[in-house]
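The values are calculated or read from the model by the stated rules, or taken from the named source; none is laboratory data. In this text the structure is predicted, and so the values were computed from the model without any measurement. Don't worry about glycine lacking a Cβ; one is built from the backbone with ideal geometry, like all the others, and counts go over all protein chains shown. Surface areas here come from the heavy atoms of the whole protein model, side chains and all, with no ligands, DNA or RNA. Shrake-Rupley method; radii C 1.70, N 1.55, O 1.52, S 1.80 Å.
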Amino acid sequence: MQRKILAALLATGVFAAAPTVHAGTVTVITSFPKELTTAYKKAFEAANPGITIEILNKNTTASVAYIRELPEGQRPDVMWASAPDAFEVLASYKLLQSAPEVINKNAPAKIGSYPLNDPKGMYYGQALAGYGIEWNTRYLKANKLAAPKEWTDLVKPEYFGHIAISSPSRSGTTQLTVETILQGEGWDKGWSLLLQMMGNAAAVTDRSFAVPDGVNNGQYGIGIVIDFLALAGKYSGYPVDFTYPTMTAVVPANIALVAGAKNADEAKKFMAYTMSVPGQQLLFDPKIARLPILPYSELKPPAGYPVPQDIAKRAKVQFNTELSGERYPVVISLFDQMITFRLKELQAATKAIQEATAALKAKPNTRGNELLAQARSLAYTPLVGAENVKNKEFLELFRKSRRDVAVAKELTGMEQLWSDKARANYDRARQLATEARGLAK
């Protein structure tokens, strides 16, 4: 597997001090919300007197960097996160150690065609996750909007200004969602779809939780989220609902023993607990709302709770972790330069294109249609084509550490060119669409 996260994230240069070592204390580094970690800490400590769980909360990419920077004996004991690629990075640097005794043998070997556990035995599926669309039912009713079901619904003009997403450079789960669309649609078509969707976006947030929080409280009508963030809101009583588009994937959220763990024996007990029947049952807590790895025949799911195997059967994407890892830094950089940092210009271009489309539909004009086609091409064509992401030298540049001054200079220059080009394309697209609309009068 290719190294995925390091090139983009190890350049921060700021790391928290290592946690203090205490006998009987298991330090768990995780990106999961406190509702989940608090529930597991409380339940495990009650069942295992004498062992204390210490939670170190960091986003997934920062967790990888943190573990890599610390020497053996000072690292956390357990890594626990959704993104499988992060574990591939840690394994490639020999920062994980095998712990096959923690596996619950009653769990299936695969979810769809995706292995539940790392075939090399370095990390293990503890829960399951899918990616989709959340909406606030009251918000949609007030704005007379239909509930979206597929990604393609989100390009419709009626959803302009009603959608929120987090940046994939700040959210591992959003990166997986973006990559799922790219794998399902293909690189060029996938980016075109994403750019049209994001042209309708009201916001690109800098943290995953801001999207479901915003949908829950009605700040946004629609959010692009990982399932458990939406389901937690739904089962906690918020006026929200969620759907898995057919263009989705179901992959494991993983847990692993960090190499050089201070308290490996206690850490293994915690890992095994998360995969046991009591640990899996906790996933149904309304504040957690995750999909378990164990069959429902061994658990007591709430009525109507999503069934992972059913979702996997319907899903059109068989997620390729290796492909995702190879192009990870390019994907997150492109998203930021074309969308996150140029959202205002993309919104303006999209609005002009939508208005011109409606005007030309009412009063067709050949020249207007030609200008509109040019505008759409400028606004919704990725700055890097499919042929470039097959170039090994191009991909390798993005995997290099930005701590290297020469590398940082080259990448920064390239990203600035992308940002400038995106702005110029969107401005020109807006001008062409406005001109096209004028021809329909």
Taking the range 358-406 on its own, how many of its residues are within 19 Å of Gly325 (Cβ to Cβ) and either more than 25 Å from the chain's Cα centre (by Cα) or at pLDDT 90 or above (or both)? 2
When Ser324 is run through (1) among the small types (Gly, Ala, Ser); (2) part of a helix (DSSP H, G or I); (3) open to solvent by 20 Å² or more (accessible area, probe 1.4 Å), the failure sits at (3)
Hits in the range 343-379 (condition: buried (at least 23 other Cβ atoms within 10 Å of the Cβ) and within 27 Å of Arg170 (Cα to Cα)): Leu346, Ala349, Thr350, Ala379
Which residue pairs have Cβ atoms closer than 7 Å, lie 6 or more positions apart in sequence or on different chains, and pair a first residue in the range 23-35 that is more than 20 Å from Leu229 (Cβ to Cβ) with a second residue that is among the aromatic types (Phe, Trp, Tyr)? Val26/Phe270
Quickly run through the range 98-117 and pick out the residues that are buried (at least 18 other Cβ atoms within 10 Å of the Cβ) and either in a strand (DSSP E or B) or without any contact (Cβ under 8 Å) to a residue 60 or more places away in the chain (or both). Ile111, Tyr114
